[in-house]
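Note sheet for the following structure.
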Amino acid sequence: MLNYTSIFARHIDQVKQEQRYREFVIIKRTVGQFPYAHYLPQNKNAVLWCLNDYLGMSQHPAVLTAANHALLEYGVGSGGTRNIGGNNICLTELERELASLHQKEAALVFTSGYVANDTTLCSLAKIMPDCVFFSDEQNHASIIAGIRNSRAEKHIYKHLNAEHLEELLKKTESSKPKIIVFESAYSMNGMFSPIKKICELAKKYNALTFIDEVHTVGLYGKEGAGIAALHNCAAEIDIIQGTLGKAYGTIGGYITAKRPLIEAIRLTAPGFIFTTSLPPVIAAASIASIRHLKTSNTEREAHQKVIAKVKQSFTEAKINYLQNDSHIIPIIIGDPIKVKEASRLLMEEYAIYVQHINFPTVAKMTERLRITPTPYHTDKMIEDLTIALKNIFKSLEITYHDQAA
Ligand code: PLP
């Protein structure tokens, strides 16, 4: 007889052996304490340095007020799918807001950025069965899942490498629909895609462009519309995908594009059709967050200042970090055990929380700490982090590791 429990236990053992076992720390984030959180295992407050709530918008007064109002007005749940449970007015307003943010004709909201990528990419191939995907080799798991699930032909181009992308485009039959899929900024190395060059190639080879702006919406460009907006090429991008779960501080994902494309996805995507929609309270909070970041540069400017200070402090302390122009500061350790130990020591000895990043999130031997400053990290917090890293790297004999990953 099959022993199912032992199958799962063996799987867990295997993951442990490969140093891939993940322990989640339990924290409690409280309004007004950002960027501190209560770290439950040791019953102490810690400074968080690895949040994707990049601007602290999850606690912004305008967002809390909107959420509070919507909660009392509309309740908690949305009541079902958009199709059957009703198309909540808060969601249609959110979609109008997103379309206007990206200067597109229409938008479609999903329950997460992951779902937006997975179900949209898969649906594009349902709508255009002979389409061919061109995907950056470091694209996110949700993009990989969408392309894989579509079973469409795919070509993977070298990371950020427009020349390689062109080679692959050149080799593909010109009559086939083509979709270039890339991220504006890569979350594990903070590098930006060569967006202008990709747009030129898309035009030359008559390909559609799909950009994942998950890590850049709210943070860059006029009104926080992202990197495509920053480089004045949003109009040349066919599909802009984003999340509400990072800089906007809520949850949910979306795409914006021309109306026929959005309509076609709305009518096709299982990840849109067959799932309960986002609650009105989340839609209302998201609208407040987007509107705030559209009209105010305060958080964005403060964010950039803190990023510059952290990078300067690391440089002065000779802490090697991966050089990029973004808000993500990776320090590659290149050792799964040392990086985990560094993370543990940061918390236990310095009350600083930086989750270590291991395989499969990043390639083996490129394990890293990924630091994400926010506008609310003070000079003292930066100094404390720098000293802690310096001391820990010394004690673990982490000297220099190639920061090109
Ligand atoms: N795309 C990228 C590049 C991501 O890094 C992530 C999540 O980290 C997602 C999509 C998924 O977004 P969400 O967290 O809203 O599901």
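Annotations for the structure displayed:
- Largest GNM mean-square fluctuation among Gly224, Gly334, Gly32, using the chain with Cα springs under 10 Å: Gly32.
- Which of Asp53, Asp335 is most accessible, then next, and so on - probe 1.4 Å: Asp335, Asp53
- Nonlocal amide H pairs with Ser135, under 5 Å, H built at 1.01 Å: His155, Ile156, Tyr157, Val181
- The mean sequence distance of close C-alpha pairs (under 8 Å, at least 6 residues apart), as a share of the length of the chain, puts its relative contact order at 21 percent.
- Using only side-chain charges placed at the Cβ, +1 for Lys and Arg and -1 for Asp and Glu, the dipole size of the range 13-168 relative to its Cα centre rounds to 620 debye.
- Largest-first ordering by accessible area, 1.4 Å probe, given options Arg148, Arg20: Arg148, Arg20
- Rounded if a/c under 1.5, otherwise prolate or oblate - the chain, Cα gyration tensor axes: rounded
- Contact order relative to length of the range 1-143, as percent, for alpha carbon pairs under 8 angstrom and 6 or more apart: 9 percent
- When a 1.4 Å probe is rolled over the protein heavy atoms, the share of accessible surface on the chain that falls to carbon and sulfur comes to 54 percent.
- Kirkwood-based Rg to Rh ratio, the range 73-114, C-alpha trace: 1.00
- By the Cα gyration tensor, the range 271-405 has an equivalent ellipsoid whose semi-axes, rounded to whole angstrom, run 31, 21, 14 from largest to smallest.
- Value of Rg to Rh for the range 79-157, rounded to two decimals, is 1.05; Kirkwood radius and Rg both from alpha-carbon coordinates.
- Restraint check, Lys305/Lys390; Lys197/Lys364; Lys104/Lys197; Lys104/Lys170; Lys126/Lys340, Cα-Cα greater than 32 Å: Lys126/Lys340
- Counting only heavy atoms of the protein chains and using a 1.4 Å probe, Leu208 has close to 40 Å² of accessible surface.
- For the pair the range 282-354 and the range 164-239, the centres of their Cα atoms are 24 angstrom apart.
- Estimated inter-spin distance, Lys380 and Ile26, nm [label 7 Å along Cα→Cβ]: 3.0 nm
- Scalar couplings 3J(HN,Hα) for the range 375-380, obtained by applying the Karplus form with A = 6.51, B = -1.76, C = 1.60 to θ = phi - 60°, are x, 9, 7, 8, 4, 5 Hz; x denotes Gly and Pro.
- Viscosity 0.890 mPa s, 25 °C: Kirkwood-radius Stokes-Einstein D of the range 248-307 over Cα pairs, µm²/s: 175 µm²/s
- Across the range 304-318, rounded Karplus estimates of 3J(HN,Hα) from the backbone phi angles (6.51 cos²θ - 1.76 cosθ + 1.60, θ = phi - 60°) give 4, 5, 5, 4, 4, 5, 5, 4, 5, 4, 5, 4, 4, 8, 6 Hz, Gly and Pro being marked x.
- Rolling a 1.4 Å probe over the protein chains gives Ser277 an accessible area of about 20 Å².
- Cα gyration tensor, the range 20-178 - rounded (a/c under 1.5), prolate or oblate: oblate
- Mean Cβ count within 10 Å, highest first, over the residues of peptides 103-115, 245-257: 245-257, 103-115
- The packing ranking of peptides 3-14, 290-301, 232-243, highest mean first, is 232-243, 290-301, 3-14, where packing means the average number of other beta carbon atoms within 10 angstrom of each residue.
- For the range 24-41, 3J(HN,Hα) per residue [Karplus equation, 6.51 cos²θ - 1.76 cosθ + 1.60, θ = phi - 60°, Hz, x = Gly/Pro]: 8, 8, 9, 10, 10, 9, 10, 4, x, 9, 3, x, 8, 9, 7, 9, 5, x
- With K and R counted +1 and D and E -1, the other residues having a Cβ less than 15 Å from that of Leu219 yield a net charge of -3.
- DSSP beta bridges in the chain [antiparallel fraction, %, rounded to 5]: 55 percent
- Each Lys and Arg Cβ is given +1 and each Asp and Glu Cβ -1; about its Cα centre, the range 214-373 then shows a dipole of about 120 debye.
- Mean residue ellipticity (222 nm) of the chain, computed from DSSP H runs ≥ 4 via -39,500 (n - 2.57), nearest 500: -13000 deg cm²/dmol
- Mean shadow area of the range 35-94, taken as a quarter of the surface of its Cα convex hull (nm²): 6.4 nm²
- Projecting the Cα positions of Gln241, Ala66, Leu345 onto the charge dipole of the chain (unit charges on Cβ atoms of Lys, Arg, Asp and Glu, taken about the Cα centre) puts Gln241 furthest along the positive direction.
- Taking all protein chains as shown and a probe of 1.4 angstrom, Val217 keeps an accessible surface of around 0 Å².
- Look at the Cα gyration tensor of the range 265-339: its axes a ≥ b ≥ c give a/c of at least 1.5 with a/b at or below b/c, and that counts as oblate.
- Amide N of the range 234-260 lying under 12 Å from the label point, which is placed 7 angstrom from the Cα of Lys222 along Cα→Cβ: 234-235
- When only Cα pairs below 8 angstrom with a gap of at least 6 residues are kept, the range 329-396 shows a relative contact order of 39 percent.
- Test item: Cα-centred dipole of the chain, Lys/Arg +1 and Asp/Glu -1 on Cβ, debye: 240 debye
The values are calculated or read from the model by the stated rules, or taken from the named source; none is laboratory data. What you are looking at is a predicted structure, and each value in this text was computed from that prediction instead of being measured. Note: ideal-geometry Cβ built from the backbone for every residue, glycine included; neighbour counts use all protein chains shown. Ligands, DNA and RNA are stripped out before the accessible areas are found, and what is left, the full protein with its side chains, is counted by its heavy atoms. Shrake-Rupley method; radii C 1.70, N 1.55, O 1.52, S 1.80 Å.
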